[in-house]
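Written out below as structure tokens is the structure these notes cover.
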Amino acid sequence: VQLQASGGGLVQAGGSLRLSCAASGRTFSSYGMGWFRQAPGKEREFVAAISTSGRSTYYSDSVKGRFTISRDNAKNTVYLQMNSLKSEDTADYYCAASWSGSNLYKGDEYDYWGQGTLVTVSS
């Protein structure tokens, strides 16, 4: 599985962005999908994840209520809608695919990673 993230950019605090992650291959619907982020000088952290069917979603406390993860298995794409952005959301955002589909908040559960897409929130 190859993952291609896009949609990052510069936005003012309070604004919105939608990230997309397009996956290659015919088995996309078999993978749990997640978004992680890494800010300069900080460790990578979990942001959001979604089950294979899309019926279950998971969020970190820092983004709950502001971000929404979704997927379109027909388009092999997972999305991250980010609203009410804050300066502390500034980071490189990575999408990832997990064959196990369990413990999706853990980076070690993921088998494939996309390249990062940079989100910069100006205050």
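The values are calculated or read from the model by the stated rules, or taken from the named source; none is laboratory data. The structure presented is a predicted model; accordingly, all values stated were derived computationally and were not measured. FYI the Cβ positions are ideal-geometry reconstructions off the backbone, even for glycines, and counts take in every protein chain you see. For the accessible areas, the whole protein counts, side chains as well, though only heavy atoms, and no ligand, DNA or RNA atoms are used. Shrake-Rupley method; radii C 1.70, N 1.55, O 1.52, S 1.80 Å.
At-a-glance table
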{"item": "Filter pass, Arg71 being in contact with a helix residue (DSSP H, G or I) (Cβ under 9 Å, 6 or more places away or on another chain) and charged (D, E, K, R)", "result": "yes"}
{"item": "Residues of region 77-104 satisfying the condition of being without any contact (Cβ under 8 Å) to a residue 60 or more places away in the chain, under 23 Å from Ser51 (Cβ atoms) and within 14 Å of the chain's Cα centre (by Cα)", "result": "Thr77, Val78"}
{"item": "Looking only at region 41-61, and only at residues there that are of a type in the set (S, T, N, Q) and in contact with a strand residue (DSSP E or B) (Cβ under 8 Å, 6 or more places away or on another chain), the one that is nearest to Leu118 (Cα to Cα)", "result": "Ser60"}
{"item": "Given (1) on the phi < 0 side of the Ramachandran plot; (2) touching a strand residue (DSSP E or B) at 6+ places or on another chain (Cβ under 8 Å), number of the condition Ser29 does not satisfy", "result": "(2)"}
{"item": "Members of region 1-17 that are within 15 Å of the chain's Cα centre (by Cα) and either hydroxyl-bearing (Ser, Thr, Tyr) or surrounded by 14 or more Cβ atoms within 10 Å (Cβ to Cβ) (or both)", "result": "Leu3, Gln4, Ala5, Ser6, Gly7, Gly8, Ser16, Leu17"}
{"item": "Looking only at region 18-48, and only at residues there that are open to solvent by 50 Å² or more (accessible area, probe 1.4 Å) and either within 13 Å of Tyr94 (Cβ to Cβ) or of a type in the set (D, E, K, R) (or both), the one that is modelled with the lowest pLDDT", "result": "Arg26"}
{"item": "Qualifying residue in region 49-59 (condition: surrounded by 15 or more Cβ atoms within 10 Å (Cβ to Cβ), among the aliphatic types (A, V, I, L, M) and either in contact (Cβ under 8 Å) with a residue 60 or more places away in the chain or outside any strand (DSSP E or B) (or both))", "result": "no"}
{"item": "Complete set of residues in region 69-90 that are within 14 Å of Ser123 (Cα to Cα) and of a type in the set (Gly, Ala, Ser)", "result": "Ser84, Ser87"}
{"item": "First in region 1-15 and at pLDDT 95 or above and in a strand (DSSP E or B), second anywhere and among the aromatic types (Phe, Trp, Tyr) and open to solvent by 30 Å² or more (accessible area, probe 1.4 Å), Cβ under 6 Å, 6 or more apart", "result": "Leu3/Tyr112"}
{"item": "Among the candidates Arg18, Arg26, residue that is assigned to a loop (DSSP other than H, G, I, E, B) and either touching a residue at least 40 places away in the same chain (Cβ under 8 Å) or of a type in the set (Lys, Arg) (or both)", "result": "Arg26"}
